[in-house]
Amino acid sequence: MKIMLSAGEVSGDMHGAMLAQSINQLRPGTELIGFGGARMEREGVRLCRNFADFNVMGVWEVIKNLGRIRQLLADLTEFMRREKPDLLVLIDYPDFNWRLAKQARRLGIPVFSYIPPSAWAWRKGRAADCAKIAEEFVVIFPHEMEPYRNAGAHVAFVGNPLVDTVKPELTPEEARKWFDVREDETLVLLLPGSRRQEIELLLPAMLGAAKLLKQERPDIRFFLPVADGVDEARIRELVNASGVTVTLTHENRYALMHIADVALATSGTVVMEAALLALPCVVLYRLSTLSYMVGRVLVHIDRFSLPNILVGETFEPELLQDEVEPHRIAREALLMCRGGRRRQEVMEKLDTACRYLGPPGAADRIAGRILAAAEHHAGKQIQAGERYEKL
């Protein structure tokens, strides 16, 4: 049996790797192919293309790279035609993946959507359009189900795999020794995201806030975990230009998050990871002017940070566009450092948010659904072949 996975960014690569691991355990010998990154490849996925070469966000950025994206779509379509997978599994990355899904259906390949488009937040009509293409949907947050259920889709929430994977690699004592930090030092993490645009738009403001925080609290130390596929040279260039001492790290990321006091974080999966590790965040989001103007028309949500969405309350600070400036970031971070007057309230709400993610074992449950869908299609293909031979 052959299954194709398609993930176009760091968080999708992480989810794809978890799925690949579970599929290999549940059904050894399953051939896994697709579009993804280093983590998926390490779990045995044979990649046609690596997403690191195509990781862009925003309207203008997509327009500039349109030719390359079209070529990627053509390459993956030809890859599907040649490989003939029993199932295509879309992992997030909606604008590209649903174009790929249409090509899959044209080739007679069924589609399974894992982490479908956020129809609850914007372009709600997408749920009905997607339901016409994919045979099954699995969401990773319970509030995402309603628009797909209303559209008549076969949709389920069976938990969030982050519950299993987001665990400190070291004990707090081991982590402090590994990162050479004392228990009485204040640790602030800079989490600028993995996309080039996120780094350019958010890291300078984070570094400006870090300079102000250091003036206010000389005991503070700054760390920046570098994600796979990120332009580390550019990060170092920005850090060096800021005049702030920041330690870049590559290992034991969850252990570092577990012992940190607060993070300045780009909105996304990392904020939910931080919640699972009891790490409060100042959540930042900034787009290019064009992308933001388009987003204001299409997106209708009260909050954008995942923990805040789950609880239904903006308990972690969210700074958007022009609000992303050093003084505002530093002020919010100080309130959540040890001794800050908002810290305890935020910690309690983070615990509440994490309860909405469901019980452990989600990756295995999702992998089981994917295998069942692939086996169903493979069985139909065999039956069709047998009928043809009888004729």
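The values are calculated or read from the model by the stated rules, or taken from the named source; none is laboratory data. A quick note: this is a predicted structure, and the numbers were derived from the prediction, not measured. We place every Cβ from the backbone using ideal geometry, glycine too, and count neighbours over all the protein chains shown.
For the stretch 197-230, filtered to residues that are among the charged types (D, E, K, R) and within 15 Å of the chain's Cα centre (by Cα), the residue that is nearest to Ile329 (Cα to Cα) is Glu198. Residue pairs whose Cβ atoms lie under 7 Å apart, separated by 6 or more positions or on different chains, with the first residue in the stretch 313-335 and more than 18 Å from Phe222 (Cβ to Cβ) and the second crowded, with 17+ Cβ neighbours inside 10 Å and among the acidic types (Asp, Glu), are Pro317/Glu332. Within the stretch 217-230, the set of residues being of a type in the set (A, V, I, L, M) and part of a loop (DSSP other than H, G, I, E, B) comprises Val226, Ala227, Val230.
Report yes if Ala209 is touching a residue at least 24 places away in the same chain (Cβ under 8 Å) and in contact with a His (Cβ under 9 Å, 6 or more places away or on another chain), otherwise no. Full working, then the answer.
Working: touching a residue at least 24 places away in the same chain (Cβ under 8 Å): yes; in contact with a His (Cβ under 9 Å, 6 or more places away or on another chain): yes.
Yes.
Can you spot a residue in the stretch 136-145 that is charged (D, E, K, R) and at pLDDT 95 or above?
Here is the first cut: in the stretch 136-145, the ones charged (D, E, K, R) are 136, 144.
Subsequent filtering for residues that are at pLDDT 95 or above retains 136.
Within the stretch 136-145, one or more residues are charged (D, E, K, R) and at pLDDT 95 or above.
Consider the stretch 147-170 and keep the residues that are outside any strand (DSSP E or B) and among the hydrophobic types (A, V, I, L, M, F, W, C). The one that is farthest from Arg365 (Cα to Cα) is Leu170.
Do we have Ile115 as touching a His at 6+ places or on another chain (Cβ under 7 Å) and either under 19 Å from Gly358 (Cβ atoms) or crowded, with 17+ Cβ neighbours inside 10 Å (or both) here?
Values: touching a His at 6+ places or on another chain (Cβ under 7 Å): yes; either under 19 Å from Gly358 (Cβ atoms) or crowded, with 17+ Cβ neighbours inside 10 Å (or both): yes.
For Ile115, the condition - touching a His at 6+ places or on another chain (Cβ under 7 Å) and either under 19 Å from Gly358 (Cβ atoms) or crowded, with 17+ Cβ neighbours inside 10 Å (or both) - is met.
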